[in-house]
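Only the coordinates and a few stated rules stand behind these numbers; no lab work does. No experiment lies behind these values; they were computed from the predicted model shown. Ideal geometry is used to build each Cβ from the backbone, glycine not excepted, and the neighbour counts take in all protein chains shown.
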Amino acid sequence: MSNFKDFLAKDIKDTFFNANEFAEKLLIEGKEVTIIRDPEQLMKKQFGNGGEGLANAEILFFVPKAELNFRPIANQQIQLGERKFRVINVSSEDEMYVIAVGRNQ
């Protein structure tokens, strides 16, 4: 018998991370994963609380936990496609991570 978490995981995969809707494929550390970029959420976080901590963020995206083979942490260097970035902020929401990254300088 399925429980709520099973239904939630299926909804996240089939609805929110549907490549025909909002999602796109991106190579993260050489593995193709499905993400949803959210520039509006990034702007809100940058301007809320004076942008503290996220002022240098360039991209904010959601990624299913099940698709990553690691748990991202702040200040970690990661490769997105052909470019290297630094993880500025990462939070966990249900079955996905919300990750903000900036240029690796």
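A simple rule links phi to the HN-Hα coupling: the Karplus curve 6.51 cos²θ - 1.76 cosθ + 1.60 with θ = phi - 60°, which for the stretch 64-69 gives x, 4, 5, 8, 8, 9 Hz, with x for Gly and Pro.
Along the stretch 15-28 the Karplus relation, 6.51 cos²θ - 1.76 cosθ + 1.60 evaluated at θ = phi - 60°, assigns HN-Hα couplings of 9, 5, 9, 7, 5, 7, 10, 10, 7, 9, 8, 8, 7, 10 Hz to successive residues, with x for each Gly and Pro. For GluC sites (Glu not before Pro), the sites in the stretch 76-105 that DSSP calls loop and that have at most 13 other Cβ atoms within 10 Å are Glu82. Amide H to amide H, with H built 1.01 Å from N, Ile59 comes under 5 Å of Val101, counting only residues 5 or more places away or on other chains.
In the chain, the alpha-carbon atoms span a convex hull of 106 Å³ per residue.
Taking the chain as the region of interest, the number of lysine pairs whose Cα atoms are within less than 19 Å, with members eight or more places apart or on different chains, is 11.
In order along the stretch 95-102, the Karplus-derived 3J(HN,Hα) couplings, from 6.51 cos²θ - 1.76 cosθ + 1.60 at θ = phi - 60°, round to 9, 9, 9, 10, 10, 10, 10, x Hz, and Gly and Pro are given as x.
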